[in-house]
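Notes follow once the structure below has been shown.
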Amino acid sequence: MKRYDNSRFNHDRYKTRQRHNEYKAGGFRCSHCKQFVVINDKMGTRNRNHCNLCLWSRHVDEAKGDRKAICNGGMEPIGLTFKHEGYGRAGELMLIHLCSACPKISINRIARDDPEGSLLGIFSQSLRLAPITKLRLDKAGIYLLSGTDREDLLIQLFGK
């Protein structure tokens, strides 16, 4: 009789239980930098889905907020955009994430405690994105902030 190795299944169940316990404790452990990220209603981070230190996220949603993705890959912050009318308040600064394990691209709100220096670093790096990545963003209807948006970005981050 052949025995099946269910260690992967048990590992996945353990990780799911661990994440649930972290959320109950008021946060989650970043899959990229491994720091504990606090979720706090008073700080405006109740729906946070990315690390406030390295700005990486995890691919957990197939559709907005459904938490049904099976990928669970790390999502690298690759650029910034402004929220457009279809998503609510126009002009709000958003992070663009690209999954490192699959082709998923998503945009996510920045949080109040995301470091301005890190956001500026993401913006600077995005100016040097590969043309194929820029084309993918364009096809997905995501406007990548460019050098001409720098002043608007600074106003969003620091005020006038």
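In the stretch 112-144, of all residues being surrounded by 12 or more Cβ atoms within 10 Å (Cβ to Cβ) and among the β-branched types (V, I, T), the one that is farthest from the chain's Cα centre (by Cα) corresponds to T133.
Checked against (1) surrounded by 15 or more Cβ atoms within 10 Å (Cβ to Cβ); (2) at pLDDT 90 or above, N72 passes all but a single condition, namely (2).
Of everything in the stretch 50-69, what is assigned to a loop (DSSP other than H, G, I, E, B) and either among the hydrophobic types (A, V, I, L, M, F, W, C) or surrounded by 12 or more Cβ atoms within 10 Å (Cβ to Cβ) (or both)? Give them in sequence order. Once the filter is applied, which keeps residues that are assigned to a loop (DSSP other than H, G, I, E, B) and either among the hydrophobic types (A, V, I, L, M, F, W, C) or surrounded by 12 or more Cβ atoms within 10 Å (Cβ to Cβ) (or both), the stretch 50-69 yields C51, N52, L53, C54, L55, W56, H59, V60, D61, E62, A63, A69. Restricting attention to the stretch 75-89, the residues that are over 20 Å from L120 (Cα atoms) and either at pLDDT 75 or above or assigned to a loop (DSSP other than H, G, I, E, B) (or both) total 3. With the checklist (1) in contact with a helix residue (DSSP H, G or I) (Cβ under 7 Å, 6 or more places away or on another chain); (2) on the phi > 0 side of the Ramachandran plot in hand, flag the one item L127 doesn't pass. Failed condition: (2). Screening the stretch 90-101 for residues that are under 24 Å from E62 (Cα atoms) and exposed (fewer than 14 other Cβ atoms within 10 Å of the Cβ) and picking the one that is modelled with the lowest pLDDT gives A90.
Just checking, does the stretch 116-136 include any residue being in a strand (DSSP E or B), farther than 21 Å from K34 by Cα, touching a strand residue (DSSP E or B) at 6+ places or on another chain (Cβ under 8 Å) and in contact (Cβ under 8 Å) with a residue 24 or more places away in the chain? No: zero hits.
The values are calculated or read from the model by the stated rules, or taken from the named source; none is laboratory data. Please read these numbers as outputs of a predicted model, since none were measured by experiment. Reconstructed Cβ throughout: ideal geometry from the backbone, glycine too, with neighbour counts over all protein chains shown.
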